[in-house]
Amino acid sequence: MQKTWNNKAWFMVLPVLVLVAFSAVIPLMTVVNYSVQDTFGNNEFFWAGTSWFTDVLQSDRFWDALQRNLLFSGIILAIEIPLGILIALNMPKKGLGVPVCLVLMALPLLIPWNVVGTIWQVFGRVDIGLLGYTMAALGIEYNYVNNVFDAWVTLIVMDIWHWTSLVVLLCYAGLASIPDAYYQAAKIDGASRWAVFRYIQLPKMKRVLLIAFLLRFMDSFMIYTEPFVITGGGPGNATTFLSIDLVKTAIGQFDLGPAAALSLIYFLIILLLSWIFYTVMTNSDAQN
Amino acid sequence: MARINLDHIRHAYGPNPKSPADYSLKEVHHEWNDGGAYALLGPSGCGKTTLLNIISGLLQPSEGKILFDGKDVTNLSTQDRNIAQVFQFPVIYDTMTVYDNLAFPLRNRKVAEPEVDRRVREIIEMIGLSDWAKKKAQGLTADQKQKISLGRGLVRSDVSAILFDEPLTVIDPHMKWVLRSQLKRLHKQFGFTMVYVTHDQTEALTFADKVVVMYDGEIVQIGTPAELFERPSHTFVGYFIGSPGMNVLPARIDGSSVDLDGQKIALSFAPKIPAGAKTELGIRPEFIKLGREGMPVTISKVEDIGRQKIVRAQFANRPMAIVVHEDGEIPSEPRVTFDPAAINIYADSWRVGAEG
């Protein structure tokens with residue numbers, strides 16, 4: 001087919017380019033700008049080279065926070081993905097139950113993040129919270145304010161409550177796309193419930209699971225609002241994730257250089273890990 | 001392998017069927033022989049697949065019983081009925097190799113591995129995918145995938161019956177012939193009871209010993225291909241089987257004489273027509289002789305299809321098809337005669353015999 005070259009097309013994509021430039025490229029470049037310079041205000045900048053980066057990478061603070069992030073993402077992925085699949089498998093396929101279930105599932109996703117944080121912050125309080133008070137009444141020691149384990153459990157349960165629905169909805173969409181003939185053929189072939197899951201449902205859900213996995217990884221790795229509201233990074237530094245540490249550095253201490261360097265490192269870590277997951281998970285397709 | 005009895009089966013998809021029109025499958029009451037090759041033939045939406053799914057147990061009939069070798073299986077699951085079924089569109093297990101796909105129904109039934117290997121090798125050879133045995137099934141073409149589906153249906157040696165639901169729709173014409181004759185050979189060799197659903201008459205007639213013609217949720221005739229051709233018991237069968245189909249002409253019957261809009265024909269028998277019935281005469285295009293004698297026709301078109309010519313004509317103000325041999329002449333003042341032995345008389349679309 002003959003292609004028509006027409007430079008007016010550039011004009012058409014211009015709005016998008018401008019939008020991306022202002023929303024992503026330019027802010028990112030200011031961060032880059034801060035990360036290689038030192039400033040004491042008055043718009044005076046001194047070249048700092050890579051020293052902020054080495055500072056960040058050599059600090060225990062950074063590595064501790066990174067470990068917390070990895071642990072948190074690992075735990076919530078290990079729970080939310082299987083739990084999401086399990087719920088999706090057991091959701092009704094037709095009838096009135098379908099819209100009811102879908103709406104119930106979507107509800108947690110509709111609540112603003114800081115509200116989710118506040119709900120759980122109050123819910124878990126030992127003096128007035130339903131959960132905290134009940135636990136105390138039952139004689140179970142629970143206090144997210146001064147117990148590291150309790151703080152982590154609260155954050156993990158909250159994240160599962162908030163985000164498992166996303167995995168459920170994606171899996172449910174994947175399951176709904178499987179034609180009936182597959183289940184009929186499986187019956188004819190005498191396949192067990194497990195075999196149906198292993199050889200029909202799981203392969204058909206693979207793509208949506210990849211998306212669910214990436215979304216949940218990126219989101220959980222960037223978690224900020226909820227721990228900020230509930231624990232404020234404590235007790236001690238027990239729930240100080242990279243994002244909380246970053247805000248402390250940038251706004252609390254006004255160390256703009258190290259904060260900018262940390263942002264860039266943070267961004268690159270997420271990009272790198274997402275890319276690795278994506279490549280590994282799509283690789284099995286490419287082998288055939 | 002089993003004899004299949006369908007005992008007053010009826011099925012409606014909606015709840016609480018009242019009138020006969022609510023039933024997608026009207027009453028079916030038949031015995032199908034052990035080791036028979038049956039074809040279920042009919043247009044789309046006539047209830048073929050419904051009947052097939054009732055036999056396999058994927059669907060519970062609203063009324064009636066199904067018996068395999070005299071044993072009531074109506075409430076048994078597909079697996080307990082020990083049925084193999086091949087669907088219209090390929091169903092394969094993407095993540096398994098071709099070999100494992102074929103072994104799947106056997107392994108699920110705990111067949112010993114040497115026996116699995118023997119059966120799978122035999123079938124994989126038959127469907128011509130030996131070179132692909134170790135490949136993942138995912139990347140195959142549609143007709144290779146359908147061959148795997150077909151193979152999974154054939155791999156078990158102890159099934160009560162094998163059911164095919166238009167299995168060759170996605171396969172290219174040449175391969176259709178090859179696979180069909182292999183199925184036929186397999187049927188002769190092992191004597192499976194096979195039921196084959198199709199809307200393609202060539203497929204039905206070449207595959208089956210007995211063809212079951214369905215129309216509008218009803219079985220209208222069960223017979224050998226020859227019976228369906230010579231003595232269609234319903235005008236639909238006459239029209240559906242044969243190419244072109246049977247000519248059906250409105251007729252007035254008086255004793256043993258027929259009046260076709262002024263043209264009179266004498267019958268060798270006197271059909272007994274129920275009072276008030278709509279009467280018709282059916283004659284296949286192959287049994288009409290075109291010549292200089294008989295009743296006048298007007299020819300509108302001649303289609304040359306190689307060994308034969310199909311003459312489209314107007315007879316007694318009705319369209320009529322006539323088959324003429326390739327060398328047969330077409331006179332300038334054409335007239336037709338009907339082979340008396342090939343005339344069928346229909347009352348309200350159903351055939352009436354001499355005794356009737």
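So here's what we get for this one:
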{"quantity": "Qualifying residue in segment A:226-242 (condition: within 17 Å of A:PHE53 (Cα to Cα), within 21 Å of the chain's Cα centre (by Cα) and open to solvent by less than 10 Å² (accessible area, probe 1.4 Å))", "calculated": "yes"}
{"quantity": "Criterion: more than 14 Å from chain B (Cβ to nearest Cβ) and on the phi > 0 side of the Ramachandran plot - qualifying residue of A:GLY257, A:GLY233", "calculated": "A:GLY233"}
{"quantity": "Count - residues of segment B:116-168 that are open to solvent by less than 10 Å² (accessible area, probe 1.4 Å), modelled with pLDDT under 85 and assigned to a helix (DSSP H, G or I)", "calculated": "1"}
{"quantity": "Any pair with Cβ under 7 angstrom, 6 or more apart, that starts in segment B:36-61 at a residue that is away from every other protein chain (no Cβ under 14 Å) and touching a residue at least 12 places away in the same chain (Cβ under 8 Å) and ends at one that is part of a loop (DSSP other than H, G, I, E, B) and among the hydroxyl-bearing types (Ser, Thr, Tyr)", "calculated": "B:GLY36/B:THR193; B:GLY47/B:SER24"}
{"quantity": "Helices (runs of 4 or more DSSP H) contained in segment A:46-153 and holding at least 3 residues among the hydroxyl-bearing types (Ser, Thr, Tyr), open to solvent by 70 Å² or more (accessible area, probe 1.4 Å) and under 24 Å from A:GLU226 (Cα atoms)", "calculated": "none"}
{"quantity": "Single residue of segment B:291-316 satisfying the filter (more than 32 Å from the chain's Cα centre (by Cα) and within 21 Å of B:VAL258 (Cβ to Cβ)) that is most open to solvent (accessible area, probe 1.4 Å)", "calculated": "B:GLU293"}
{"quantity": "From B:ASN101, B:ASN16, residue being more than 22 Å from B:VAL237 (Cα to Cα), open to solvent by 50 Å² or more (accessible area, probe 1.4 Å) and assigned by TED's automatic domain parsing to the domain that holds B:LYS184", "calculated": "B:ASN16"}
{"quantity": "Number of the exception - A:PRO203 against (1) in contact with an Asp or Glu (Cβ under 8 Å, 6 or more places away or on another chain); (2) within 14 Å of chain B (Cβ to nearest Cβ); (3) open to solvent by 40 Å² or more (accessible area, probe 1.4 Å)", "calculated": "(3)"}
{"quantity": "Any hit, segment A:32-51, residues being in contact with a Ser or Thr (Cβ under 6 Å, 6 or more places away or on another chain) and closer than 30 Å to A:SER220 by Cβ", "calculated": "no"}
{"quantity": "Some residue of segment A:173-194 being more than 30 Å from B:LEU52 (Cβ to Cβ), more than 14 Å from chain B (Cβ to nearest Cβ), surrounded by fewer than 17 Cβ atoms within 10 Å (Cβ to Cβ) and not polar (S, T, N, Q)", "calculated": "yes"}
{"quantity": "Residue among B:GLN85, B:GLN79 that alone is in contact with a helix residue (DSSP H, G or I) (Cβ under 8 Å, 6 or more places away or on another chain), open to solvent by 60 Å² or more (accessible area, probe 1.4 Å) and either under 16 Å from B:SER157 (Cα atoms) or away from every other protein chain (no Cβ under 12 Å) (or both)", "calculated": "B:GLN79"}
{"quantity": "Flag if B:ASP165 is touching a Leu at 6+ places or on another chain (Cβ under 6 Å), facing chain A (nearest Cβ under 10 Å) and in contact (Cβ under 8 Å) with a residue 40 or more places away in the chain", "calculated": "yes"}
{"quantity": "Segment B:225-244, subset without any contact (Cβ under 8 Å) to a residue 60 or more places away in the chain and not aliphatic (A, V, I, L, M), residue most open to solvent (accessible area, probe 1.4 Å)", "calculated": "B:TYR239"}
{"quantity": "Residue check, B:VAL111 under 17 Å from A:ILE188 (Cβ atoms), more than 10 Å from every other protein chain (Cβ to nearest Cβ), at pLDDT 85 or above and not in a helix (DSSP H, G or I)", "calculated": "yes"}
{"quantity": "Residue satisfying condition, being open to solvent by less than 40 Å² (accessible area, probe 1.4 Å), touching a residue at least 40 places away in the same chain (Cβ under 8 Å), within 22 Å of B:LEU205 (Cα to Cα) and aliphatic (A, V, I, L, M), within set B:ILE283, B:ILE265, B:ILE288, B:ILE222", "calculated": "B:ILE283"}
{"quantity": "Number of positions in segment B:190-218 that are buried (at least 22 other Cβ atoms within 10 Å of the Cβ), more than 9 Å from the chain's Cα centre (by Cα) and assigned to a strand (DSSP E or B)", "calculated": "2"}
{"quantity": "Positions within segment B:88-98 being part of a loop (DSSP other than H, G, I, E, B), more than 7 Å from every other protein chain (Cβ to nearest Cβ) and over 21 Å from the mean Cα position of the chain (by Cα), in sequence order", "calculated": "B:PRO90, B:ILE92"}
{"quantity": "For B:SER181: the one exception among (1) open to solvent by 30 Å² or more (accessible area, probe 1.4 Å); (2) without any contact (Cβ under 8 Å) to a residue 40 or more places away in the chain; (3) assigned to a loop (DSSP other than H, G, I, E, B)", "calculated": "(3)"}
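Each row is one residue, and each column tells you yes or no for (1) part of a strand (DSSP E or B); (2) farther than 24 Å from B:PRO167 by Cα.
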{"position": "B:PRO15", "(1), (2)": "no, yes"}
{"position": "B:LYS26", "(1), (2)": "yes, yes"}
{"position": "B:ASP34", "(1), (2)": "no, no"}
{"position": "B:ALA39", "(1), (2)": "yes, no"}
{"position": "B:PRO43", "(1), (2)": "no, no"}
{"position": "B:CYS46", "(1), (2)": "no, no"}
{"position": "B:PRO61", "(1), (2)": "no, no"}
{"position": "B:GLY64", "(1), (2)": "yes, yes"}
{"position": "B:THR74", "(1), (2)": "no, yes"}
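The values are calculated or read from the model by the stated rules, or taken from the named source; none is laboratory data. Quantities reported herein were computed from a predicted structural model and do not represent experimental measurements. Ideal geometry is used to build each Cβ from the backbone, glycine not excepted, and the neighbour counts take in all protein chains shown. Areas reflect the complete protein model, heavy atoms only, side chains present, ligands, DNA and RNA absent. Shrake-Rupley method; radii C 1.70, N 1.55, O 1.52, S 1.80 Å.
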